[in-house]
Amino acid sequence: EAQVTQNPRYLITVTGKKLTVTCSQNMNHEYMSWYRQDPGLGLRQIYYSMNVEVTDKGDVPEGYKVSRKEKRNFPLILESPSPNQTSLYFCASSLISRGTGELFFGEGSRLTVL
Amino acid sequence: QKEVEQNSGPLSVPEGAIASLNCTYSDRGSQSFFWYRQYSGKSPELIMSIYSNGDKEDGRFTAQLNKASQYVSLLIRDSQPSDSATYLCAVNGVTGGGNKLTFGTGTQLKVEL
């Protein structure tokens, strides 16, 4: 089954404790992206990757890091989480040949930073 | 001015009616336009993409694009209660080499029995 898998789905953590949200897709997609979704602000792009070892900032990259060492994986790293990073996070992927707008989304990871 | 604007709703329509969802965008060079559906507590799901001016139909859904007016819309015919969801408009702008997909904040649609 074609899917984008995120883990963990739910996480409560404390300020400053490093965490990683993993994302993996099994569709051989070149393009992967991370979004956060907040009430009234919609989906905002954090980082995206056009392919292995190619990453770029989205609209709200501050406080986040990413890496793309393998095509299927695109982890999101919060080195020192703060309460303003409490949000619902989505990983998404697409085939470059279909454009970067036809996204498959993971189920989301709800993060709470205390 | 927001890059992609949608009326947040809720838009309420009776079952069987046509629901009309609208979206405007600011980047005049945008080339690709998408509609996503998001059920409460779920992830967004692509339902329509449109790349050229005019109408594109897929089942009960019709996407309409007018680049001159910087306007894209989604029509849902014969609306069903299962269509109740938030509909997100997304636009691929010129910035970022066309790889930057910007979402509107969504319109909540309620289809009433």
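So which of B:20, B:40, B:82 ends up being closer than 23 Å to residue A:91 by Cα, surrounded by fewer than 18 Cβ atoms within 10 Å (Cβ to Cβ) and of a type outside the set (D, E, K, R)? Show your work before the answer.
Details: B:20 fails: closer than 23 Å to residue A:91 by Cα; B:82 fails: closer than 23 Å to residue A:91 by Cα.
On inspection, the qualifying residue turns out to be B:40.
Scan the stretch B:17-64 residue by residue and report those that are more than 10 Å from every other protein chain (Cβ to nearest Cβ), of a type in the set (Phe, Trp, Tyr) and outside any loop (DSSP other than H, G, I, E, B).
B:25, B:35, B:61
Report the residue count in the stretch A:86-101 for those that are within 12 Å of chain B (Cβ to nearest Cβ) and surrounded by fewer than 16 Cβ atoms within 10 Å (Cβ to Cβ).
Result for the stretch A:86-101: 2.
Just give me the residues in the stretch A:8-36 being part of a strand (DSSP E or B), more than 9 Å from chain B (Cβ to nearest Cβ) and either among the polar types (S, T, N, Q) or more than 18 Å from residue A:108 (Cβ to Cβ) (or both), in sequence order.
Taking the stretch A:8-36 first, the residues part of a strand (DSSP E or B) are A:10-13, A:19-25, A:31-36.
In the following step, the residues that additionally are more than 9 Å from chain B (Cβ to nearest Cβ) were identified as A:10-13, A:19-25, A:32, A:34, A:36.
Within the stretch A:8-36, A:13, A:20, A:22, A:24, A:25 qualify.
Suppose the filter is more than 13 Å from every other protein chain (Cβ to nearest Cβ), charged (D, E, K, R) and within 16 Å of residue A:99 (Cβ to Cβ); does residue B:67 pass it? Reasoning before the result, please.
Working: more than 13 Å from every other protein chain (Cβ to nearest Cβ): yes; charged (D, E, K, R): yes; within 16 Å of residue A:99 (Cβ to Cβ): no.
Spelling it out, it is not the case that residue B:67 is more than 13 Å from every other protein chain (Cβ to nearest Cβ), charged (D, E, K, R) and within 16 Å of residue A:99 (Cβ to Cβ).
Restricting the search to the stretch A:86-114, which residues are basic (Lys, Arg) and either in a loop (DSSP other than H, G, I, E, B) or more than 18 Å from residue A:43 (Cα to Cα) (or both)?
Keep residues of the stretch A:86-114 that are basic (Lys, Arg), which gives A:98, A:110.
Residue satisfying the conditions is A:98 alone.
Only one residue in B:59, B:9 is surrounded by fewer than 19 Cβ atoms within 10 Å (Cβ to Cβ) and at pLDDT below 95. Which one? Walk me through how you get there before you give the answer.
Numbers: B:59 fails: at pLDDT below 95.
None of the other options fit; the residue is B:9.
Inspect the stretch A:83-95 for any residue being more than 23 Å from residue B:36 (Cα to Cα), under 15 Å from the mean Cα position of the chain (by Cα) and not hydroxyl-bearing (Ser, Thr, Tyr) and give the result as yes or no.
To start, the set of residues in the stretch A:83-95 that are more than 23 Å from residue B:36 (Cα to Cα) comprises A:83-86.
Checking the rest, the ones that are also under 15 Å from the mean Cα position of the chain (by Cα) come to A:85-86.
Now drop any that are not not hydroxyl-bearing (Ser, Thr, Tyr), which leaves A:85.
Within the stretch A:83-95, one or more residues are more than 23 Å from residue B:36 (Cα to Cα), under 15 Å from the mean Cα position of the chain (by Cα) and not hydroxyl-bearing (Ser, Thr, Tyr).
State whether the residues of the stretch A:42-53 include one that is part of a loop (DSSP other than H, G, I, E, B), of a type outside the set (A, V, I, L, M, F, W, C), on the phi < 0 side of the Ramachandran plot and loosely packed, with under 15 Cβ neighbours inside 10 Å.
First pass over the stretch A:42-53, keeping only residues part of a loop (DSSP other than H, G, I, E, B): A:52-53.
Checking which are of a type outside the set (A, V, I, L, M, F, W, C) leaves us with A:53.
If we keep only those that are on the phi < 0 side of the Ramachandran plot too, we end up with none.
Taking every residue of the stretch A:42-53 in turn, none turns out to be part of a loop (DSSP other than H, G, I, E, B), of a type outside the set (A, V, I, L, M, F, W, C), on the phi < 0 side of the Ramachandran plot and loosely packed, with under 15 Cβ neighbours inside 10 Å.
Within the stretch A:76-85, is even one residue assigned to a strand (DSSP E or B), within 8 Å of chain B (Cβ to nearest Cβ), in contact with a strand residue (DSSP E or B) (Cβ under 8 Å, 6 or more places away or on another chain) and within 11 Å of residue A:6 (Cβ to Cβ)? Don't jump to the end; show me each part of the working.
Let us first name the residues in the stretch A:76-85 that are assigned to a strand (DSSP E or B), namely A:76-78.
Subset that is within 8 Å of chain B (Cβ to nearest Cβ): none.
The answer is no, given that none of the residues of the stretch A:76-85 is assigned to a strand (DSSP E or B), within 8 Å of chain B (Cβ to nearest Cβ), in contact with a strand residue (DSSP E or B) (Cβ under 8 Å, 6 or more places away or on another chain) and within 11 Å of residue A:6 (Cβ to Cβ).
Tally up the residues in the stretch A:90-114 that are of a type in the set (D, E, K, R) and in contact (Cβ under 8 Å) with a residue 24 or more places away in the chain, please. Even if it seems obvious, please write down each step before you answer.
First, pick out the residues of the stretch A:90-114 that are of a type in the set (D, E, K, R): A:98, A:102, A:107, A:110.
Checking the rest, the ones that are also in contact (Cβ under 8 Å) with a residue 24 or more places away in the chain come to A:107, A:110.
Qualifying residue count, the stretch A:90-114: 2.
Which is surrounded by 14 or more Cβ atoms within 10 Å (Cβ to Cβ), at pLDDT below 95 and outside any helix (DSSP H, G or I), of B:72, B:91?
Details: B:72 fails: at pLDDT below 95.
Every option except B:91 fails the conditions.
The values are calculated or read from the model by the stated rules, or taken from the named source; none is laboratory data. Remember, predicted model here, so these are calculated numbers, not experimental data. Note that each Cβ is placed from the backbone with ideal geometry, even for glycine, and that neighbours are counted across all protein chains shown.
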